[in-house]
Each structure stands twice: as C-alpha cells, then as structure tokens.
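**Student:** Take a look at this one; I'll ask things after.
What follows is calculated from the coordinates using simple rules that are stated; it is not laboratory data. No experiment lies behind these values; they were computed from the predicted model shown. So basically every Cβ, Gly included, is an ideal-geometry build from the backbone, and we count neighbours across all protein chains shown.
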Number of protein chains: 2
Amino acid sequence: MSAFETATAVTATAVPGVYDAELHPDWAIHTKPNGGYLLAILARAACDVVDTETPLAVSAHYMRAPDVGPAEIRAEAIRRGRRVSTSRAAIWQNDKPCIEALVSSGPLENAEVDYLSAPPPVIPPPEECVSSETEKFTVELFRNVELLMSPETVPLPTPNGTPTLQFWFRFRDGTDPDVMSLLLAVDAHPPTIFHLKKYGWAPTVELTVLLRGRPAPGWLLCEAATELLSGGWFEETARVWDSTGRLVAQARQLALAGLPPTKD
Amino acid sequence: MSAFETATAVTATAVPGVYDAELHPDWAIHTKPNGGYLLAILARAACDVVDTETPLAVSAHYMRAPDVGPAEIRAEAIRRGRRVSTSRAAIWQNDKPCIEALVSSGPLENAEVDYLSAPPPVIPPPEECVSSETEKFTVELFRNVELLMSPETVPLPTPNGTPTLQFWFRFRDGTDPDVMSLLLAVDAHPPTIFHLKKYGWAPTVELTVLLRGRPAPGWLLCEAATELLSGGWFEETARVWDSTGRLVAQARQLALAGLPPTKD
C-alpha cells in the first residue's frame, strides 16, 4: 500500500456504515489534517457503502477542523444505480460531526474527449519549478506531497496581486496518482489569496470535486485561481491534468480568508 | 408573494424538519420540474431548519427527477454557527429520495470587493437579445422566466461549436431577483452542449451553487460554459452578475449528455 492509501484507509466496524479512520499527522497543515486528505477518507467510505470503485462528484461541507488521531466515519447509501450511486459520509470526532459529504460514484473510464475548451496551461518543467516549501511556509503535508510551483506564481515571499497558482504535484513515495488522490491534489496548495497578502488560516467551508478521468502515471499539473474576494469570503477553482494532458479533475471551494483557526 | 416565492414555498408539518411542497408545472422542462427551481425549494427548507435567511453554498446530488405535484422535504440541522450553519435537505416523492442537498447558510452581505479577476462579459442589451423560447425549444419554465440570449451564443437553430451561453434573466411577473432566485438563474438555460449538437435530456447529477452577494433590482446577467465533454459526461460552470455588475453567484454542475429521461 502506498503512503496515501495507508493514511486514507477506512476500516469497517461491526456497525454497518460505520468506519474507523486514523487521521495522520504527516498529512496536516499546522497540526490540522488537510481538507483534501479528509475528502479522500470520506470518499472511500462513501464508495464502500454503495460498492463502487470511484467517486464522480464529491461535495463536502466543513464544520470543524478535526484533530490528528482516531476518527469515525458514518456513511449511508442513499441510492444504488448502474451508472451513478449516491451516498453520504461524515467524519465524526468527540461525538461531533466535523465534515459531511455527498458523493455520487460509479464507473469512471477514460473515454474519447468530444470537446475540450482549452489545452492545459504551459509551465516550466518540474526541475525548473520552485518547491512550495519555504522557510515561511512549511507544512507537514509536504512530507508526503511534492509540490513544485511555476516560478511566476509562487506567492511567498513575493505576492504578485494575481491569486493564481500553477504547480506540479506528486507523492514523495513514488506512487503514481489514482482517482482518489485527485481529491487531495485539488486542495494541497497554499491559499491563492496569499498573492493578495491575505495570510493566515483559510478554512474551507464547502469543497466540490468533479472527477473526470483516471490519471496516467507521472506528475499531475494543477492550477488554482480565485475570481472574487469580498467580505472575508473567497472561492478557489482548481483544475488537474494528468501527464498526458487529460483534464482529470475540476474543483471549487468556498473559504474564509485569513482567519484564526476557528470559524465561529 | 411573487410567483417564484409561491412556487418554491415550503410548509412545515407537525413533524420537525419535514415540510410539504408543491412542485409547480409552470417551472418545469418538458413536464419535469427544473433542477434550479428544486434547489430553491431545498434551500428554503435547509435554511428554515437552522433559522438562517440566506444560503451561502448549496450542493445537490440528483437521483431521480421528481414529477410535478406534492413532494415532501426532509431537512435536518447538522450544526448551528454564528457565521455558518450547516444542514441537509432532501426531496422525497413516492417514498423515494429524489435529490439530496447539503447547505451552508448564514448572513450574506454585500461587502466591499477586495479582488475581482475580471469584469462581467459585455453582451448586447436585452432589447437586442434573442428569446430562448423558439419553435424548437419551448419549455414551461419560460412562462415564469424571461431569458434573452446574446445573439452570438444562441444554440438553436444554429449551434456554433462553442458550448458557451450568455444571457439576461428576469422573472416575468416583474419581481426583482433575491438570493434564492440565483439558485434558479444558474440552471434555467438550455444545455450548453446544444452548441455541440448533443441534443436530448441532459440530467444534472451534481450541482453546487456558491452565493456571493445579494442581487440588486433589475436584470441578471448570466454566463454558462463547458470545458469538457467526454464519455457522455459534461460539466457546466455558470456565473451570475446583478445589474450593478456584482458577481452574485458561481455554480458548477456535472451532467449526462443527450440521454432519454432516465439515467439508469
């Protein structure tokens, strides 16, 4: 098992739909498990409960940032279908729900592309990109994830006023990406709004990921961009392409800007 | 009450969290209630159950297209917060769940815009735009909604190969838009993929709407665009601006292309 598979594993308990998970410290941001990492845990339970292999659309609403350590995943089948099954899953800790997600899942194949609006962005190759890990921005997640940013879009130490990031993503253990790892790839980057000098905690309120293909082996190319920051709220749209240039994931999140670690 | 308020009203029953709704024939597409219209009904119940006024993020997974007529909404509070409350709501008909949604809700104010990536698109004024209602595309929803499309983006009778629509939206009864009506505005248009000659039913599988502001009175300006169509799946990203140019909603849906009326 890869490090990612191990860290996102869910174990069925004696109670149908209830799974145990262990939230791992090496997939965290300043002690709090990463939101994309948690989404993969939720998706595993949501798929298991309807006997599907791959999520197609995952929508999660974040209520409390859980701590590293044991957590319970409560999943429930809502509908089973041939093309699409629907289920729900929630991460619980200390008898409180932390994140709840709705998941549509089912077969995901790399079919012929009938229409693609634009090719992937062109950024320098990984060896000419810049590690996202700097003296000013070091997080535990980067022990497992290598994120190499296009030099033009690196937000620290010099924010450029344009909240767009372009970067390469891969696992440090040499594992190639699978569909579940796309849930992490859309949320593993520093907040785009660092480019607007809005530093601090940027808690996700809602994150939806559409899974559009099975990634080929190799680096993932990712882009995250923000359209609107107003009243302390911003959204981030993320796209992920595999090493063949296939668009494999589209995501969007609504988040709060530059807050202390709790939302309320 | 406006026609929209009347048609999307939910009535609390004696059972906490259970509401009655009447799915109205004049908000349907070929006899099936419009997905954005249903989203507004879900959001009303989801807000009511946590005593909030406005949704902030609504994520719905569509399982079965309900019929016109009575429906039951089952809503449940998950967490109450000062800035954000979280709840879930589902439309049931004939003892089966049709759509389930997760809703983050709370105060929504028109704060100062700190960053906006681009101004709204410029399209001809409404009087120079084209009704979406043609001999080839007439739906019940247009009895209540006036949708005037930029001539360059009208898909019928001449699809142009680019799955983008730009249009004006307003209610025919003269009511100005409110936050709830944005849930309809993001999903009231013909499928973008008509431009790719993919006609037929395009059932939504997942639709997430982010509410970013309270719309000013007047026309809403909307844009819907598709990036990828592959294997019968496509996504649509929609944006809505109010008459002052404020970006008030951002949405994305995953849908199936050109199908007969059932998904399975």
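**Student:** Among the residues of region A:190-206, which ones are facing chain B (nearest Cβ under 9 Å) and under 29 Å from A:N110 (Cβ atoms)?
**Tutor:** Passing the criteria: only A:E206.
**Student:** Quick check on my filter: what residues within region B:134-155 are more than 14 Å from chain A (Cβ to nearest Cβ), buried (at least 16 other Cβ atoms within 10 Å of the Cβ) and assigned to a loop (DSSP other than H, G, I, E, B)?
**Tutor:** B:F137, B:V139, B:N144, B:S150, B:V154
**Student:** Do any strands (runs of 3 or more DSSP E) lying entirely in region B:181-264 carry at least 1 residues that are out of contact with any strand residue (DSSP E or B) (no Cβ under 9 Å at 6 or more places or on another chain), and which ones are they? Steps first, please.
**Tutor:** On the way: elements: B:204-211, B:220-225, B:228-230, B:233-241, B:247-256.
So the answer is none; nothing clears 1.
**Student:** Under 9 Å between Cβ atoms, which residue pairs at least 6 apart in sequence (or on different chains) link something in region A:40-53 that is in contact (Cβ under 8 Å) with a residue 24 or more places away in the chain with a partner that is aromatic (F, W, Y)?
**Tutor:** Partner pairs satisfying both residue conditions: A:A40/A:F4; A:I41/A:Y19; A:R44/A:Y19; A:A45/A:Y19; A:D48/A:Y19; A:V49/A:Y19.
**Student:** Under 7 Å by Cβ, and 6 or more places apart or on different chains, what pairs join a residue from region B:104-126 that is at the interface with another protein chain (Cβ under 10 Å from one of its Cβ atoms) and closer than 19 Å to B:R214 by Cβ with one that is in a strand (DSSP E or B) and of a type in the set (D, E)?
**Tutor:** B:S104/A:E206
**Student:** Run down A:G174, A:G161 and say which single residue is in a loop (DSSP other than H, G, I, E, B), closer than 22 Å to A:L220 by Cβ and more than 15 Å from the chain's Cα centre (by Cα).
**Tutor:** Testing whether each residue is in a loop (DSSP other than H, G, I, E, B), closer than 22 Å to A:L220 by Cβ and more than 15 Å from the chain's Cα centre (by Cα) leaves just A:G174.
**Student:** Right, next: Checking A:L39 against (1) farther than 22 Å from A:E206 by Cα; (2) surrounded by 24 or more Cβ atoms within 10 Å (Cβ to Cβ), only one condition comes out false. Which one?
**Tutor:** (1)
**Student:** Which one of these is among the charged types (D, E, K, R), within 29 Å of B:S87 (Cα to Cα), more than 10 Å from every other protein chain (Cβ to nearest Cβ) and in contact (Cβ under 8 Å) with a residue 40 or more places away in the chain: A:D187, A:D242? It would help to see each step written out before you state the result.
**Tutor:** Working: A:D242 fails: within 29 Å of B:S87 (Cα to Cα).
Answer to the selection: A:D187.
**Student:** Follow-up. Check off (1) under 27 Å from A:L254 (Cα atoms); (2) buried (at least 24 other Cβ atoms within 10 Å of the Cβ); (3) of a type outside the set (V, I, T) for B:G17 and give me the number that stays unchecked.
**Tutor:** Condition not satisfied by B:G17: (2).
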